[in-house]
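Read the structure below first, then the notes.
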Amino acid sequence: MVKVTAVFEVKKEYLDKIEAILIPLIEGSRKDAGNISYDCYMVEGQPGKFMFQECWENQALLDSHMKQPHFTAFGKATEGMLTKPMDIFVLGKSVH
């Protein structure tokens with residue numbers, strides 16, 4: 001299993017447009033082969049900051065997801081909208 005957390009921040013002038021871009025990505029990603037979960041959250045108290053939390057069966061299926069039209073369309077649609085490149089974390093072993 002592969003778990004991913006990705007954090008990004010949208011420039012204030014694009015906040016009214018981001019939801020329309022996120023919904024097709026989320027809906028499409030949840031249908032991708034190997035998807036266990038795919039959620040996007042607004043970070044409380046930080047307008048414009050969002051966090052994806054994803055879980056995939058394996059790395060190959062995650063790699064396939066990143067080639068899907070809904071994923072590449074999100075990247076193109078958000079060009080120039082983010083304050084900086086997205087921070088992506090592939091999570092390792094759980095600490096108990």
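A few notes on this one:
So that you can scan it fast, the table gives a plain yes or no per residue for (1) touching a strand residue (DSSP E or B) at 6+ places or on another chain (Cβ under 9 Å); (2) of a type in the set (S, T, Y); (3) touching a residue at least 40 places away in the same chain (Cβ under 8 Å); (4) open to solvent by less than 40 Å² (accessible area, probe 1.4 Å):
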position	(1), (2), (3), (4)
K31	no, no, no, no
C40	yes, no, no, yes
E44	no, no, no, no
A60	no, no, no, no
A73	no, no, yes, no
K84	yes, no, yes, no
H96	no, no, no, no
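- The residue of region 27-48 that is farthest from the chain's Cα centre (by Cα), among those that are in a strand (DSSP E or B) and within 18 Å of T83 (Cα to Cα), is M42.
- Taken over region 10-23, the criterion of being exposed (fewer than 15 other Cβ atoms within 10 Å of the Cβ), of a type in the set (A, V, I, L, M) and touching a residue at least 24 places away in the same chain (Cβ under 8 Å) is satisfied by L15 alone.
- So K67, is it of a type outside the set (A, V, I, L, M, F, W, C), exposed (fewer than 12 other Cβ atoms within 10 Å of the Cβ) and touching a Gly at 6+ places or on another chain (Cβ under 7 Å): no
- Filtered by the rule that a residue be more than 12 Å from H70 (Cα to Cα) and in a helix (DSSP H, G or I), region 8-23 gives K12, E13, Y14, L15, D16, K17, I18, E19, A20.
Quick grid of which residues meet (1) under 24 Å from G92 (Cα atoms); (2) assigned to a loop (DSSP other than H, G, I, E, B); (3) open to solvent by less than 70 Å² (accessible area, probe 1.4 Å):
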| site | (1), (2), (3) |
| --- | --- |
| A6 | yes, no, yes |
| L25 | no, no, yes |
| F50 | yes, no, yes |
| K76 | no, no, no |
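The values are calculated or read from the model by the stated rules, or taken from the named source; none is laboratory data. Predicted model, so just to flag it, every value in this text is computed and none were measured. As a convention, Cβ positions derive from the backbone with ideal geometry for all residues, glycine included, and neighbour counts pool all protein chains shown. Only protein heavy atoms, including side chains, enter the accessible area calculation; ligands, DNA and RNA are left aside. Shrake-Rupley method; radii C 1.70, N 1.55, O 1.52, S 1.80 Å.
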